[in-house]
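Q: First the structure, which I've put down as C-alpha cells, then a few questions once you've had a look.
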Amino acid sequence: MLGYLANQGGSQMKIRVHEIELHSPLINKKDHFVLISDIHSDSNKLEEVYKIIESINPSFITIPGDVLDSISDPRNEAVKQILDYYDDRYKTFITMGNHDLVDYVKINHRTEEIVCDEMDFFNSLKKSNTTIFKDMYNGVPLDNNISVYGLNMSNEWFQNGEKTKPVAEKLSSYEFDPDKLNILLFHTPNGILDKNGELTEMNESNGLPSLIVTGHTHGGLVPYNLQGLMPDNRGLVGPYNVILPRNAFGTYEDKGTGVIISDGVAKLHDSFGGKYIAPIGNHILIPDVYVIKMVPYKKLEHTGKRLIKTKTTIVNNR
C-alpha cells in the first residue's frame, strides 16, 4: 500500500502523504505548507502525523476543523499537549468544525448531541504561533505575499443541511486582496462547491480566495486506491449518513480558485463509528497528510494555464 510508515511503540502506522502543486504568479518564491483535518481527538494518530510533518518541515500548518470529537473526550488533553508542543515550531491556523463545540451524552439509553458555546479547549491552547479563527474576518499576513483566513459556521448550519446562502452572506464580510495569495480555511466543501464540483455563486465584488482548504467528508470512507473508480468523486457514505455524496474528496478549480478536500486524519471516530467499529475502519482507512507546494508561475497568459493549478501525487514509503 502506498504511504509513509511511521512507528508507534514498535508497531507501524501507515500514513499517506499527498503532494499537491499550487501554481500562482502571486507568490515570490517556492514554499510549502501542510493541510491536515478531522483529528477527532485521536491523539495517537496526531502524534504519528506530526512525526511526518517534522520530516516535511512546512512554513505553516492548516487545520480546518474537527480537532475534537467532542469537548468531553478524555483524549483531548493529549491532543492539547501535542498542539502546544509543536506551537513553538510551526505557525498553525485552526477553524472550528461541527464536532469542536459539541458534547455527546446518554439520554434514555441513546447518545444525543448537545451543542455547547464553550471554547475552553481552544482558549487553553498555547497560542504563540497558533491562530484560532473565531468571528475573525481579517486575514493573517505571512511572508511570500500570503494571507490566511478562516471561516466558521454554526452547528445549527451544519445540522440544517449546510446550505450555500449563509456561507455566501458571511463571506461578503471578507475582503480578499487580489494581489495576494489568499488561503481560506473552511471545515466543509458544502456551501463552497455545487454538485458539479464548481464554486457556488458567491459575491465576487470583495474578491475570492486563491485556495480553499477543507475536510469534513473523511474521503467518503473510500480507500484511496478505489477513489479513482468513483464518478463525481462520490463517497460511499458522508457526514449525517448521506449515501454516495458527491465531492467527497479530491482537488477542484473554478473561477481562479483552487479547492482541496482533505480525507482527514481519523476516518471513523467514536461518535460515529463506535468504540469497537472505529478502530477496525481506521486500520483500513489510514490518515492523510497534504503537502501543498506553492510554485511561482509568472507566464500563465502565454501557456493557457489557469491562475491556480493543482496536481496530486502520492509519495511512496521512504
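Q: Restricting the first residue to the range 137-165 and requiring it to be in contact (Cβ under 8 Å) with a residue 12 or more places away in the chain, which pairs with a second residue that is among the hydrophobic types (A, V, I, L, M, F, W, C) and assigned to a helix (DSSP H, G or I) meet a Cβ separation below 7 Å and a spacing of at least six or different chains?
A: Partner pairs satisfying both residue conditions: Leu151/Leu171; Met153/Val167.
Q: Hey, another quick one. What about Tyr90, is it over 21 Å from Ile146 (Cα atoms) and of a type in the set (Phe, Trp, Tyr)?
A: On the way: over 21 Å from Ile146 (Cα atoms): no; of a type in the set (Phe, Trp, Tyr): yes.
The answer is no for Tyr90.
Q: Do you know which residues across the range 217-246 are farther than 15 Å from Lys267 by Cα and buried (at least 20 other Cβ atoms within 10 Å of the Cβ)?
A: Matches in the range 217-246: Asn233, Pro245, Arg246.
Q: Next question. What pairs come up if the first residue lies in the range 171-184 and is within 16 Å of Gly258 (Cβ to Cβ), the second is of a type in the set (Gly, Ala, Ser) and not in a loop (DSSP other than H, G, I, E, B), and their beta carbons are under 7 Å apart, counting only those six or more places apart or on different chains?
A: Partner pairs satisfying both residue conditions: Lys180/Ser147; Leu181/Ser24; Asn182/Ser147.
Q: Among the residues of the range 104-111, is there at least one that is charged (D, E, K, R) and either crowded, with 16+ Cβ neighbours inside 10 Å or in contact with a strand residue (DSSP E or B) (Cβ under 9 Å, 6 or more places away or on another chain) (or both)?
A: Keep residues of the range 104-111 that are charged (D, E, K, R), which gives 106, 110.
Okay, now just the ones that are also either crowded, with 16+ Cβ neighbours inside 10 Å or in contact with a strand residue (DSSP E or B) (Cβ under 9 Å, 6 or more places away or on another chain) (or both), so 106.
Yes, some residue in the range 104-111 is charged (D, E, K, R) and either crowded, with 16+ Cβ neighbours inside 10 Å or in contact with a strand residue (DSSP E or B) (Cβ under 9 Å, 6 or more places away or on another chain) (or both).
Q: For the range 109-122, check the following and say yes or no: at least one residue is under 30 Å from Lys30 (Cα atoms) and under 19 Å from the mean Cα position of the chain (by Cα).
A: no
Q: From the list Thr214, Thr200, exactly one residue is hydroxyl-bearing (Ser, Thr, Tyr) and surrounded by fewer than 24 Cβ atoms within 10 Å (Cβ to Cβ). Which is it?
A: Of the residues listed, the single one that is hydroxyl-bearing (Ser, Thr, Tyr) and surrounded by fewer than 24 Cβ atoms within 10 Å (Cβ to Cβ) is Thr200.
Q: Which ones in the range 171-191 are surrounded by 16 or more Cβ atoms within 10 Å (Cβ to Cβ) and either within 15 Å of Asn98 (Cβ to Cβ) or not aliphatic (A, V, I, L, M) (or both)?
A: Tyr174, Phe176, Lys180, Asn182, Leu185, Phe186, His187, Thr188, Pro189, Asn190, Gly191
Q: Name the residues in the range 228-237 that are modelled with pLDDT of 90 or more, at negative phi and not hydrophobic (A, V, I, L, M, F, W, C), would you?
A: Within the range 228-237, Pro231, Arg234, Gly235 meet the criteria.
Q: Of all residues being under 11 Å from Leu171 (Cα atoms) and modelled with pLDDT of 95 or more in the range 134-151, which is surrounded by the fewest Cβ atoms within 10 Å (Cβ to Cβ)? Just the residue, please.
A: Looking at the filtered set, the residue picked out is Tyr149.
Q: Do you know which of the residues in the range 180-195 that are β-branched (Val, Ile, Thr) and part of a loop (DSSP other than H, G, I, E, B) is modelled with the highest pLDDT?
A: Quick first cut of the range 180-195, residues β-branched (Val, Ile, Thr) only: 183, 188, 192.
Imposing the further condition that a residue be part of a loop (DSSP other than H, G, I, E, B) reduces the set to 188, 192.
Values: Thr188: 97, Ile192: 93.
Applying the filter and picking the extreme gives Thr188.
Q: Filter the range 248-261 for residues that are part of a loop (DSSP other than H, G, I, E, B) and under 26 Å from Pro178 (Cβ atoms) and give the result.
A: The answer is Lys255, Gly256.
Q: Tally the residues that are touching a helix residue (DSSP H, G or I) at 6+ places or on another chain (Cβ under 7 Å) and either of a type in the set (D, E, K, R) or not in a strand (DSSP E or B) (or both), restricting the search to the range 100-122.
A: 2
Here is a yes/no grid of residues against (1) closer than 30 Å to Lys29 by Cα; (2) not in a loop (DSSP other than H, G, I, E, B); (3) not aliphatic (A, V, I, L, M):
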| site | (1), (2), (3) |
| --- | --- |
| Glu175 | yes, no, yes |
| Pro178 | yes, no, yes |
| Gly197 | yes, no, yes |
| Glu204 | yes, no, yes |
| Gly207 | yes, no, yes |
| Leu226 | no, yes, no |
| Leu229 | no, no, no |
| Asp232 | no, yes, yes |
| Gly235 | no, no, yes |
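Q: Out of all the residues in the range 45-84, which are without any contact (Cβ under 8 Å) to a residue 12 or more places away in the chain and either among the aromatic types (Phe, Trp, Tyr) or not in a helix (DSSP H, G or I) (or both)?
A: Asn57, Pro74
The values are calculated or read from the model by the stated rules, or taken from the named source; none is laboratory data. Quantities reported herein were computed from a predicted structural model and do not represent experimental measurements. Virtual Cβ from ideal backbone geometry, glycine too; neighbours counted across all protein chains shown.
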